[in-house]
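Peer 1: Take this structure, written in structure tokens, and hold onto it; I'll ask about it next.
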């Protein structure tokens, strides 16, 4: 028995609706994938920038809290001759290790504290729409501190500060690693920063054995500790 024209028309409409629905679903999936492929690198880059700045600030604050209580002569002992020229420079290893350990603990505490913060990135800002940067939906990023790649290291450098004047600068080198958790994406980020600890301008000549040594006066100390 032949189907009625009404049933044929109804079946044809259903087929068209199904085709349109499938087409819309496919288009939606394609658009979602395209947006994801386009936006994901932008969000990751923006999140990495914000987290790097946040962690770097935390490390700098940790070093400063201890460095402001430190005098150069507590870490470096030197002797001069009757003309005022340096004849001996020697780091106080106990003070260096004590300072490094204290800073290490403070950095860990600060990293654990900032891990409680959620970083928000406005979608409009990620797309470069500066006029709408503060409006619209946001993507939230979680930061999980993995810790320091290795213990903080004391490094130093010498540079000329004028005639018979040498500036001796001491820094702390810190390498840290954090994990970013963006929706559906995780990425580990390593960062390295050098924070000033103390410095002094030495009047008189400084022997080349100190000024010319690779890695500064503390170069061998740092090298031996890391081995």
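The values are calculated or read from the model by the stated rules, or taken from the named source; none is laboratory data. In this text the structure is predicted, and so the values were computed from the model without any measurement. Here the Cβ positions follow ideal geometry from the backbone for every residue, glycine too, while neighbour counts run over all protein chains shown.
Peer 1: Pairs, please: C-beta under 6 Å, at least 6 apart or cross-chain, first residue more than 16 Å from residue 205 (Cα to Cα) and in the stretch 68-88, second in a strand (DSSP E or B)?
Peer 2: 70/198; 72/198; 72/200; 76/91
Peer 1: Limited to the stretch 73-89, what total is found for residues that are buried (at least 17 other Cβ atoms within 10 Å of the Cβ) and in a helix (DSSP H, G or I)?
Peer 2: 1
Peer 1: What residue, of 62, 47, is modelled with pLDDT of 85 or more, part of a helix (DSSP H, G or I) and touching a strand residue (DSSP E or B) at 6+ places or on another chain (Cβ under 9 Å)?
Peer 2: None of the others qualify; the one that does is 62.
Peer 1: So which of 153, 94, 179 is surrounded by 14 or more Cβ atoms within 10 Å (Cβ to Cβ) and modelled with pLDDT of 85 or more?
Peer 2: Answer to the selection: 153.
Peer 1: How about the stretch 90-117: which of its residues are free of Cβ contacts under 8 Å to residues at least 24 places away in the same chain, assigned to a loop (DSSP other than H, G, I, E, B) and closer than 24 Å to residue 179 by Cα?
Peer 2: Listed by number, the list holds a single entry, 116.
Peer 1: Still on this model: Any residue at all in the stretch 197-216 that's at pLDDT below 70, buried (at least 17 other Cβ atoms within 10 Å of the Cβ), outside any strand (DSSP E or B) and on the phi < 0 side of the Ramachandran plot?
Peer 2: Yes, that holds for at least one residue.
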